[in-house]
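Student: One structure, pasted below without further comment.
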Amino acid sequence: GSWLGLLGGGQLGRMFCHAAQSLGYRVAVLDPAGDGPTAMVADRHVSADYADTQGLAELAGLCPAITTEFENVPAASLRALAARVRVSPGADAVAIVQDRNDEKAYVAGQGIPVAPNVPVRATADLESADAALFPGILKVARLGYDGKGQARVATREEALAAFAAFGSVPCVLEALMPLDYEVSVVLARGADGEAAVFPVARNVHRDGILAVTTVGAPMDAALTEQATQAALGIAHGLGYVGVLCVEFFVLRDGRLVVNEIAPRPHNSGHYSMDACQTSQFEQQARVLAGLPLGSTRLLAPAVMLNILGDVWFTPGSDTPREPDWAAVLAVPSAKLHLYGKHEARRGRKMGHVTCVAATLEQAQADALAVAAALGLPGTLD
Ligand code: ATP
Ligand code: MG
Ligand code: MG
């Protein structure tokens, strides 16, 4: 079989490997860590830093097409690879979404609303920031994920303290938005500009980390259309090739606002592995291989629960113990995906489970049974 290349060796890479291998490809993974979720799954491992010229050359020597699962691969590395092989997504698109300030400026420039915000590069930017941005959230402009590098700030003084605590690296100050709920749109776009959009997913975050994704619930048709068109507009405008996710806030007054863009398959699209005709990872492989996109049709309603390392720990104990997987799998509709991470830590994404059922009510009831088996909160909102 021919080779596809991947930058990054985390769980998204592991699920990409599975999908690409199912289509008959071999996958070579460049991963600085070397013993992550792709370690036993990739057909070839290149243990090198994302900026390592030799490692990149080794990957490009093997693979005619390369993608990424890690959103912070240096854009310069993508650019260098693109001189030799097909690379998607491209360096220019990735560079924009890697920086929250560039990302917000780009989205707003497309005429799509974002939360009121101001770039923060020095304390003077906070001293002069509009009072309407408080209470707000100060976020580091680069490298934040799962709510890391963020601080909720009630006042200007708290923002100044948080900025200092982040080491005065470039940040963005966003107004804290009155959220009704959150949704996301995952799509795949091919080199020919054709796009396939997955159903709009409704997401619940806990402590800044995705906890629950629900699809197949009745949703306002105008809002669904608006989110879909916004995501398509962003992808087309970026000339994006690959799988992309746009996260949205739905405000209490009904307005839709873009939160952020992920230039890769997304946690809120994991349900597609079990509930859609084609998964987001298969789409990523199809785009990379230059194959037609698959159908994104939802086969049945689904509820996905993230499994964080927290479920390895009972209250008051710091000794991890294996969760009761048999109890999870006793739920008939539960599809369990574990990422093969060696060490469970609180807040670390270890796996997910998706309940796919004939009705939304059944999927929700089953998800609550799974939650009970894992000691997760007994609600889906
Ligand atoms: P991800 O793992 O999705 O990349 P992240 O670290 O980039 O996470 P964000 O998506 O910026 O973090 O924020 C995480 C969550 O925090 C959001 O999904 C939302 O629940 C909440 N949040 C972030 N910004 C705001 C805001 N301006 N107003 C209200 N809530 C917010
Ligand atoms: Mg993010
Ligand atoms: Mg996010």
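Student: Return yes when Ala151 is within 24 Å of Ala211 (Cβ to Cβ), without any contact (Cβ under 8 Å) to a residue 60 or more places away in the chain, of a type in the set (Gly, Ala, Ser) and touching a helix residue (DSSP H, G or I) at 6+ places or on another chain (Cβ under 6 Å) and no when it is not.
Tutor: Criteria met by Ala151.
Student: Here's a follow-up. Considering only residues that are away from ligand 3 (no atom under 16 Å from the Cβ) and modelled with pLDDT of 95 or more, which ones fall in the range 207-219? Don't jump to the end; show me each part of the working.
Tutor: Here is the first cut: in the range 207-219, the residues away from ligand 3 (no atom under 16 Å from the Cβ) are 214-219.
Those that are away from ligand 3 (no atom under 16 Å from the Cβ) and modelled with pLDDT of 95 or more: Thr214, Val215, Gly216.
Student: With respect to Lys104, is the statement that it is crowded, with 21+ Cβ neighbours inside 10 Å, within 15 Å of ligand 2 (Cβ to nearest atom) and part of a strand (DSSP E or B) true? Before you say what the answer is, go through the steps one by one.
Tutor: Working: crowded, with 21+ Cβ neighbours inside 10 Å: yes; within 15 Å of ligand 2 (Cβ to nearest atom): yes; part of a strand (DSSP E or B): no.
Here the answer is no, as Lys104 does not meet what is asked.
Student: Inspect all residues belonging to the range 311-332 and state whether any of them is under 27 Å from Thr67 (Cβ atoms), assigned by TED's automatic domain parsing to the domain that holds Tyr271 and not acidic (Asp, Glu). Steps first, please.
Tutor: Residues of the range 311-332 under 27 Å from Thr67 (Cβ atoms): none.
Checking the range 311-332: not a single residue is under 27 Å from Thr67 (Cβ atoms), assigned by TED's automatic domain parsing to the domain that holds Tyr271 and not acidic (Asp, Glu).
Student: Another question, if that's okay. Which pairs turn up if I take residues in the range 218-232 that are within 21 Å of Ala188 (Cα to Cα) and touching a residue at least 40 places away in the same chain (Cβ under 8 Å) and look for partners that are among the basic types (Lys, Arg) and surrounded by fewer than 13 Cβ atoms within 10 Å (Cβ to Cβ) with beta carbon separation below 7 Å, at least 6 apart in sequence or on another chain?
Tutor: Qualifying pairs under 7 Å: none.
Student: Go through Val204, Val197, Val186 for me and flag whichever is within 30 Å of Cys276 (Cα to Cα), in contact with a strand residue (DSSP E or B) (Cβ under 6 Å, 6 or more places away or on another chain), among the β-branched types (Val, Ile, Thr) and more than 16 Å from ligand 3 (Cβ to nearest atom). Break it down into steps so the answer makes sense when it comes.
Tutor: Details: Val204 fails: more than 16 Å from ligand 3 (Cβ to nearest atom); Val186 fails: more than 16 Å from ligand 3 (Cβ to nearest atom).
After applying the criteria, what remains is Val197.
Student: Mind checking which pairs have a first residue in the range 16-39 that is among the hydroxyl-bearing types (Ser, Thr, Tyr) and a second that is assigned to a loop (DSSP other than H, G, I, E, B), Cβ under 8 Å, 6 or more apart or different chains?
Tutor: If the second residue must be assigned to a loop (DSSP other than H, G, I, E, B), the pairs left are Tyr25/Gly1; Tyr25/Ser2; Thr38/Gly9; Thr38/Gly10; Thr38/Asp31.
Student: Being under 9 Å from Leu251 (Cα atoms) and among the hydroxyl-bearing types (Ser, Thr, Tyr) is the filter here; which residues of the range 172-192 pass it?
Tutor: Residues of the range 172-192 that are under 9 Å from Leu251 (Cα atoms), as a first pass: 177-182.
Tyr181 - this is the single residue of the range 172-192 that is under 9 Å from Leu251 (Cα atoms) and among the hydroxyl-bearing types (Ser, Thr, Tyr).
Student: Additional query: Regarding the range 241-248, can at least one residue be identified that is small (Gly, Ala, Ser), touching a Pro at 6+ places or on another chain (Cβ under 6 Å) and not assigned by TED's automatic domain parsing to the domain that holds Leu23? Show your work before the answer.
Tutor: From the range 241-248, those small (Gly, Ala, Ser) are 242; that's our starting set.
Filter once more, so that each one left must be touching a Pro at 6+ places or on another chain (Cβ under 6 Å): 242.
Filter once more, so that each one left must be not assigned by TED's automatic domain parsing to the domain that holds Leu23: 242.
The answer is yes; a qualifying residue exists.
Student: Right, next: Restricting the range 126-183 to residues that are within 16 Å of ligand 3 (Cβ to nearest atom) and aromatic (Phe, Trp, Tyr), which is nearest to the chain's Cα centre (by Cα)?
Tutor: Tyr145
Student: Moving to a separate point now. How many residues are among the β-branched types (Val, Ile, Thr), under 17 Å from the mean Cα position of the chain (by Cα) and either over 16 Å from His266 (Cβ atoms) or in a loop (DSSP other than H, G, I, E, B) (or both) when one looks only at the range 192-234?
Tutor: 1
Student: Next question, about the same structure. Pairs only if they're at least six apart or on different chains, beta carbon under 6 angstrom, first in the range 239-261 and closer than 17 Å to Asn101 by Cβ and within 15 Å of ligand 1 (Cβ to nearest atom), second part of a strand (DSSP E or B) and modelled with pLDDT under 95; list them, first residue then second.
Tutor: Short answer, once both residue conditions are applied: none.
Student: Then there's this: Restricting the range 137-162 to residues that are surrounded by 16 or more Cβ atoms within 10 Å (Cβ to Cβ) and more than 16 Å from ligand 2 (Cβ to nearest atom), which is nearest to Glu247 (Cα to Cα)?
Tutor: Val153
Student: Now a separate question. Could you grab me the full set of residues in the range 19-34 that are at negative phi and in contact with a Ser or Thr (Cβ under 9 Å, 6 or more places away or on another chain)? Even if it seems obvious, please write down each step before you answer.
Tutor: Taking the range 19-34 first, the residues at negative phi are 19-23, 25-33.
Selection gives Ala19, Tyr25, Arg26, Val27, Val29, Leu30, Asp31, Pro32, Ala33.
Student: Taking interchain pairs and intrachain pairs at least six residues apart, which have beta carbon atoms under 6 angstrom, with the first residue in the range 72-86 and more than 19 Å from Ala262 (Cα to Cα) and the second modelled with pLDDT of 95 or more and assigned to a loop (DSSP other than H, G, I, E, B)?
Tutor: Val85/Pro64
Student: Within the range 116-123, can one find any residue that is near ligand 1 (Cβ under 10 Å from one of its atoms) and either under 18 Å from Cys245 (Cα atoms) or at pLDDT 95 or above (or both)? Talk me through it step by step, then tell me what you get.
Tutor: Applying the first criterion (near ligand 1 (Cβ under 10 Å from one of its atoms)) to the range 116-123 yields 116-117.
Going one step further and asking which of them are either under 18 Å from Cys245 (Cα atoms) or at pLDDT 95 or above (or both), we end up with 116-117.
Yes, the range 116-123 contains at least one residue that is near ligand 1 (Cβ under 10 Å from one of its atoms) and either under 18 Å from Cys245 (Cα atoms) or at pLDDT 95 or above (or both).
The values are calculated or read from the model by the stated rules, or taken from the named source; none is laboratory data. This is a predicted model, so every value here is computed, not measured. Because the Cβ atoms are built from the backbone with ideal geometry, glycine has one as well, and the counts that use them run over all protein chains shown.
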